[in-house]
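First up is the structure itself, then whatever we jot down about it.
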Amino acid sequence: MITCHLKYIIDPYQLAAFEDYSKRWIKIVNRLGGQHHGYFMPSEGANNIAYALFSFPSFADYENYRKKMFSKDDKECVEAFKIAEDTRCIISYERNFLRPVFE
């Protein structure tokens, strides 16, 4: 299993747009073979940092998801990308891959 951890720097004045974007990607990741663990929005502390975590059975499965995700044929992906582009709710992001350790 591989887990993708995303740290977003977001526009604090565009929280509603980022939350809309987030909810769409949860559905997309799950539809395309992953398991989304949620987005984590600012609450106390920094008002411009958000996180997301999602997993795939393998890095190869993640790469297949990326191919599908960037396909112009997937209407849901195109719409989600458009939200971020139109609202500029995401300033930047960092992506890291983690290997979970279980008991």
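The values are calculated or read from the model by the stated rules, or taken from the named source; none is laboratory data. Just so it is clear, the structure is predicted and the values come from calculations on it, not from any experiment. Virtual Cβ from ideal backbone geometry, glycine too; neighbours counted across all protein chains shown. What goes into the accessible areas is simple: the full protein's heavy atoms, side chains included, and nothing from ligands, DNA or RNA. Shrake-Rupley method; radii C 1.70, N 1.55, O 1.52, S 1.80 Å.
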Gain on full stretching of the segment that runs from residue 81 to residue 51 - 0.36 nm per residue minus C-alpha separation
9.1 nm
Ignoring everything except DSSP H segments at least 4 long, calculate the 222 nm mean residue ellipticity for the chain; use -39,500 (n - 2.57) per segment, divide by total residues, nearest 500.
-13000 deg cm²/dmol
Please work out the average accessible area per residue across the chain, using the 1.4 Å probe convention, and give it in Å².
65 Å²
Along the Cα→Cβ direction, 7 angstrom out, place labels at residue 41 and residue 93. What is the inter-label distance in nm?
1.7 nm
Which one, 60, 43, 29, projects farthest toward the positive side of the charge dipole computed for the chain from Cβ point charges (K/R +1, D/E -1)?
60
If every Lys and Arg gets +1 and every Asp and Glu gets -1 at its Cβ, then about the Cα centre the chain yields a dipole, in debye to the nearest 20, of 280 debye
Give the span of the chain's Cα atoms along each principal axis, as three whole-Å numbers ordered largest to smallest.
38, 36, 18
